[in-house]
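Engineer: First, the structure itself, so that you have it in front of you.
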Amino acid sequence: MTPPGFPVSLRALCAACAFLFIGCVPAPPVTESPPEPIRAERPLYEWYDDGGPGEVRILINLSAQRAYYSRGGRPIGWSYVATGREGFNTPAGNYRITEKIVDKHSNRYGWIENEYGETIDHDASPGDRVPPGARYVPAPMPYWMRLTSYGIGMHAGTIPRPGAPASHGCIRLPKPFAPQLFEAVRVGTPVTVEYGPPSLPGEIHPAGQVPPEVRERRAPDGRRIVSPNDPWIVPPAARSRR
């Protein structure tokens, strides 16, 4: 309580000083939670072809859903693949590429679109009934590399769940990678399709086994980029057939 007769000006000065004193008291420190790490994308392929001498060979492992590539016995890359799902199993065996076509469409599988371009049947065949105003669309198989006379081959396509089969029997390759492989192979390139552990000679850098220098990468803001083999979610992808 201010004593009687205390000058008004002094009272105002005291109030101002008290306000300044309170303002000078440091605020309690704010505890910042550690930043969330950035999840690196799981790579679908690696390609380091040296273009040197030697024949390109391809090993497709149905168990791992991966393909391994070598040139003259030297590893030049690997990729995920999506081979035939249950009921459409891709046959194991030793093959050679017998045909290369950049822009090919399936003569067995496709889908049906209505007049607005909306897909009304995601898994159709040429003989299926097409409603009035709709149309049958054959499935695209770009960068086609034929292996058998009955329609099995490699081509660009969606890999909806890396490590799991998904096609009607063909061997889908990651879309950005297919043109590079198409350029590197020729008619006659040997292709082995097998189950079990990969039998390709040479040291292969498999998917998910990322070197320490990659695992410890940092974003510009300092956040750690976590290894692609940490739990992750495959983004939604457009349906692909064959």
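Where a number appears in this text, it was derived from the coordinates with a stated rule and is not lab data. Nothing here was measured: the structure is a model prediction, and the numbers come from that model. Here Cβ is always computed from backbone atoms with ideal geometry, including for glycine, and neighbour counts include all displayed protein chains.
Engineer: Using DSSP to call loops (not H, G, I, E or B), can you name the trypsin sites (Lys or Arg not before Pro) in region 107-194 whose Cβ has at most 12 other Cβ atoms within 10 angstrom?
Structural biologist: In loop regions of region 107-194 (DSSP not H, G, I, E or B), the sparsely surrounded trypsin sites (Lys or Arg not before Pro) are 129, 186.
Engineer: What nm value, rounded to one decimal, do you get for the distance between residue 102 and residue 88 when each label is placed 7 Å out toward the C-beta?
Structural biologist: Label-label distance for residue 102 and residue 88, simple model: 2.7 nm.
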